[in-house]
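Worksheet for the structure shown next.
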Amino acid sequence: MDRTYDVTLPASTRWLADPDAQAVCNAVTDGGHVIYFVGGCVRNALLGVADSDVDMSTNALPERVMALAARAGLKAVPTGVEHGTVTVVSGGKGFEVTTFRRDVETDGRRAVVAFSDNIIDDALRRDFTMNALYADAQGRVIDPLEGLPDLRARRVRFIEDAAQRIREDYLRTLRYFRFCAWYADPAEGFNPDALAAIAAHTDGLESLSAERIGAELAKLLAAPDPAPAVAAMRQTGVLGVILPGSDDRWLAMVVHFEHLLQLAPDWRTRLAAVGGEDVDQRLRLSKADAKYLHRLREAAFGAETVAAIAYLDGGDIARAVVILRACLSEAPPDPAVLEDILQAENAVFPVKAADLMPRYRGPELGKRLAALKALWIASGFAATRDSLLDTPKS
Ligand code: ATP
Ligand code: MG
């Protein structure tokens, strides 16, 4: 039975009430086809957690979706027609509409797909039962693979055979840990069969691109508490393959200290705590993230005061340093330090170039300003303009 119309998404579900999304549904159903919301958006609406991006799934072929969108006065862009995706623009927003598919061939990284008119085919090629939930335009939930009981129990379960699903696409190993970190009931622990299948297939992870590994790991580490999932990644050998030299022993402490200071989770702090060799390359971090992480680790294991770090590099790095240093000393951080950081972050160096002229000019002026600024930082931002200007030249 593939239709379960007795469950309806909460009326408060933002994207369901969105007239622009409804217009896309109408365009397709007016042509005599079915169209469903699918995946993360349905899962998250049922869990009552933050929206995920909205994906739609239909039995109409991509060209038909294009034609029906045009007929309804909506722009449609063939963003991935070879795998069945058309982006329909409605109210200035893009909605990805993908034709039902089934896998024809898989090699662990990418799949050759064929279009299908059958929702069960489409559901069977997804990764976890809680990700194979659909909802129609009225919010009625369609559950072809009995994902609802798993979702209610907060159980991340591979669709059919875990080992086979992993061999089809090794990214699913990382997705498993990500969805466990975000949505599983921590009291339930991990499914031993899933972990065994994962542990038996760690070799295949080498075939994944650094980008995909990096993107997955960042999402996993952004979960409220990624520590149990990362520990399971270590135990199954996954962590050692994707991030050799890493060590997750600090992770639970990082999470605990973040709570203590009421800081929002930051995947970068967590990644800095876990460490590893060639992290930039292995995760193909963006230039900005790589720079941030280098500076964070250098600052955390260096001797600069947190206030100096806040002034020079901003409050985010300084707060992350507080967390990492607390882990290093295995002692909870003092919340009062947050106030120091806030002050330092907004501190304004009281000496201006004009104050030093005409005594100093050109490169000498720059040097003197830098020297006075260093003194001011070393004083904990307490040195006044006058005392700095009175400082003898060394
Ligand atoms: P998020 O909230 O992170 O967007 P999501 O479940 O929507 O979560 P996406 O990566 O956006 O995740 O994928 C959308 C849907 O596509 C998933 O819910 C799942 O049904 C399917 N999917 C995505 N990646 C895979 C994969 N590697 N193997 C099988 N199914 C997948
Ligand atoms: Mg999504």
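The values are calculated or read from the model by the stated rules, or taken from the named source; none is laboratory data. What you are looking at is a predicted structure, and each value in this text was computed from that prediction instead of being measured. Cβ: placed from backbone, ideal geometry, glycine included. Neighbour counts: every protein chain shown. Surface accessibility is based on the protein's heavy atoms, side chains included, excluding ligands, DNA and RNA. Shrake-Rupley method; radii C 1.70, N 1.55, O 1.52, S 1.80 Å.
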Any number yet on Rg/Rh for the range 173-295, C-alpha, Kirkwood? 0.95
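Taking the Cα centre of the chain as origin, sum charge times position over the Cβ atoms of Lys and Arg (+1) and Asp and Glu (-1), and report the length of that vector in debye to the nearest 20.
Working: 45 positive and 55 negative charges, 247 e Å.
Using Cβ point charges on Lys, Arg, Asp and Glu, the chain gives about 1180 debye.
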Output needed for the chain: three equivalent-ellipsoid semi-axes, defined as square roots of 5 times the C-alpha gyration tensor eigenvalues, in descending order, whole Å. 50, 26, 19
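Relative contact order for the range 350-389: what is it in percent, counting Cα pairs under 8 Å that are at least 6 residues apart? Before the final figure, lay out the partial values.
On the way: 21 pairs, mean separation 19.2, N = 40.
Relative CO of the range 350-389 lands at 48 percent.
Ranking request for peptides 364-372, 169-177: highest mean number of other beta-carbon atoms within 10 Å first, then the rest in descending order.
Working: 364-372: 14.8, 169-177: 24.0.
Those peptides, ordered most packed to least, come out 169-177, 364-372.
Please state the equivalent ellipsoid semi-axes for the range 243-394: what are the square roots of 5 times the Cα gyration tensor eigenvalues, largest first, in whole Å? It would help to have the intermediate numbers written out before the result.
Working: eigenvalues 250, 68, 26 Å².
Ellipsoid half-lengths, sorted descending, are 35, 18, 11 Å.
Taking 37 °C and 0.692 mPa s as the conditions, I'd like the Stokes-Einstein D for the range 1-152 in µm²/s, using the Kirkwood hydrodynamic radius from alpha carbon pairs.
So the translational diffusion coefficient is about 213 µm²/s.
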For Lys219, which lysines qualify as cross-link partners when the Cα separation must be under 20 Å and same-chain residues fewer than eight apart are set aside? Lys287, Lys291
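Quick one: dipole size for the range 317-359, taken about the Cα centre, charges +1 on Lys/Arg Cβ and -1 on Asp/Glu Cβ, in debye to the nearest 20. Let's see the in-between values first.
Details: 4 positive and 6 negative charges, 55 e Å.
For the range 317-359, the charge dipole is close to 260 debye.
Leaving out ligands, DNA and RNA, what percent of the accessible area of the range 20-66 is carbon and sulfur, probe 1.4 Å?
Numbers: 800 of 1610 Å².
Reported share for carbon and sulfur atoms: 49 percent.
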Helix 362-378 vs. the chain, principal-axis angle (Cα, 0 to 90°, nearest 10): 80 degrees
Judged on accessible area alone, 1.4 Å probe, highest first, Glu105, Glu304 line up as Glu105, Glu304
Run the reach check for Lys367 against lysines, Cα to Cα strictly under 18 Å, same-chain hits fewer than 8 apart removed. What comes back? Lys352, Lys393
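Could you order the peptides 323-330, 150-157 from most to least packed, using the average number of other C-beta atoms within 10 Å per residue?
Values: 323-330: 17.1, 150-157: 18.6.
Packing proxy ranking, top to bottom: 150-157, 323-330.
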Please work out the C-alpha center-to-center distance from the range 31-48 to the range 92-120 and express it in whole Å. 15 Å
So how tilted is helix 19-29 from the main axis of the chain? Cα-based, degrees 0 to 90, rounded to 10. 30 degrees
Can you tell me the orientation of helix 251-260 relative to the chain, as the angle in degrees between its alpha-carbon axis and the longest Cα principal axis, to the nearest 10? 70 degrees
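Considering only protein heavy atoms and a probe of 1.4 Å, how much of the accessible area of the range 245-347 is carbon and sulfur, as a whole percent? Display every interim value, and only then the final one.
Numbers: 2670 of 5210 Å².
C and S fraction of accessible area: 51 percent.
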So which lysines can Lys93 reach, going by Cα to Cα under 18 Å and dropping same-chain residues fewer than 8 places off? Lys75
Leaving out ligands and nucleic acids, and using a 1.4 Å probe, what accessible area per residue does the chain come to in Å²? 48 Å²
Please list the non-local residues whose amide H lies under 5 Å from the amide H of Val7, H modeled 1.01 Å from N, same-chain partners needing a gap of 5 or more. Val141
For the range 278-353 and the range 139-185, compute the distance between their C-alpha centroids and round to whole Å. 37 Å
